[in-house]
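Since every read-out is calculated from the coordinates, none of them should be taken as a lab result. Predicted model, so just to flag it, every value in this text is computed and none were measured. Glycine gets a Cβ as well: all are built from the backbone with ideal geometry, and neighbour counts include every protein chain shown.
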Amino acid sequence: MPRSKFVAGNWKMHGSLSANLSLLTAVRTGVAGFRAQVAVCVPYPYLAQAQSALAGSNVAWGAQDVSEHVQGAYTGEVSGQMLNDFGCRYVIIGHSERRSCYGDTDAVVAAKYAAALKAGLTPILCVGETLTEREANITAQVVTRQLDAVIAGSGVDTLARAVVAYEPVWAIGTGKTATPAQAQEVHALIRARVAAGSPDVAAGLQILYGGSVKPGNAKELFGQPDIDGGLIGGASLVADDFIGICAAG
Ligand code: 13P
């Protein structure tokens with residue numbers, strides 16, 4: 001069975017109650033009846049708003065991070081169970097901004113991935129190399145290392161309940177998209193790595209591309225054999241752009 005396309009928005013630290021309402025309403029209406037699966041990952045304070053604006057639609061919602069702990073004295077943290085309370089289906093894990101700004105090491109990412117699964121959430125696991133790493137020709141090693149940390153911690157079979165996003169750091173928010181061929185090469189590598197542990201899981205795994213996806217380049221990217229949709233930053237904040245990208249799925 002062919003994998004369905006999936007387009008997820010990552011709002012990052014953007015939004016306000018009033019701006020979100022028009023964005024969520026426009027997206028809800030705009031993608032109704034689309035073939036692709038659609039989700040938005042919003043800042044924690046807006047989860048209740050996303051839940052009430054999107055309930056009963058074909059747009060799922062989620063968060064952008066989760067604690068590796070179940071509960072306790074962890075000031076500022078948010079647990080998977082709390083995300084469940086707001087109807088989240090997805091949570092982004094290991095985004096490069098978390099890895100580079102907040103000390104999310106491979107081990108932390110593996111623990112957060114496990115916590116998300118334990119709470120019944122679908123992790124969107126982000127991997128990707130920096131420009132320096134690409135120029136040093138170690139893209140494959142970096143992405144493999146990031147993926148292997150999660151496989152070692154939770155087992156390859158858990159990827160049947162997860163989504164992977166390949167986001168080259170040099171393409172995030174830069175307007176510099178990976179070419180479809182560059183992205184496809186890494187997506188194929190990710191799928192092959194998973195296939196080494198479980199061909200069935202690999203065949204069903206949705207692998208999203210993220211990094212300067214726009215309505216104008218989405219179709220060609222999503223047309224690659226191992227690209228199953230996108231994780232969208234800036235363009236997910238503009239209703240028409242996000243809807244246009246979802247239409248390409
Ligand atoms: P941009 O689409 O703004 O490049 O961001 C990509 C991203 O980081 C999504 O998680």
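A compact table of results
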| item | result |
| --- | --- |
| Whole-angstrom gap from the stretch 173-233 to the stretch 1-80, using each part's C-alpha centre | 21 |
| For the stretch 65-78, Karplus couplings with θ = phi - 60° (6.51, -1.76, 1.60), whole Hz, Gly/Pro x | 5, 8, 6, 7, 9, 7, 6, x, 7, 10, 3, x, 8, 10 |
| Mean ellipticity per residue at 222 nm, deg cm²/dmol - from DSSP H runs of n ≥ 4 across the chain, formula -39500 (n - 2.57) | -13000 deg cm²/dmol |
| Rg and Dmax [Cα atoms of the stretch 1-100; Å; Rg one decimal, Dmax integer] | 14.2, 45 |
| Debye intensity ratio in log₁₀ form over the Cα atoms of the chain, taken at each q of 0.09 Å⁻¹ | -0.34 |
| Virtual spin-label span in nm between Val78 and Gln182, 7 Å along Cα→Cβ | 3.2 |
| Spacing of the two label points (7 Å from each Cα toward its C-beta) at Lys118 and Gln71, in nm | 1.3 |
| Separation in nanometres of the label points that stand 7 Å from Cα toward Cβ, at Arg35 and Lys219 | 1.3 |
| Amide H contacts of Glu129 (H built 1.01 Å from N, under 5 Å, at least 5 apart or other chain) | Val169 |
| Under-5 Å amide H pairs with Trp61, H placed in peptide plane, nonlocal only | Val40, Arg89, Tyr90 |
| Which of Val127, Val108 has the fewest Cβ neighbours within 10 Å, and the rest in rising order | Val108, Val127 |
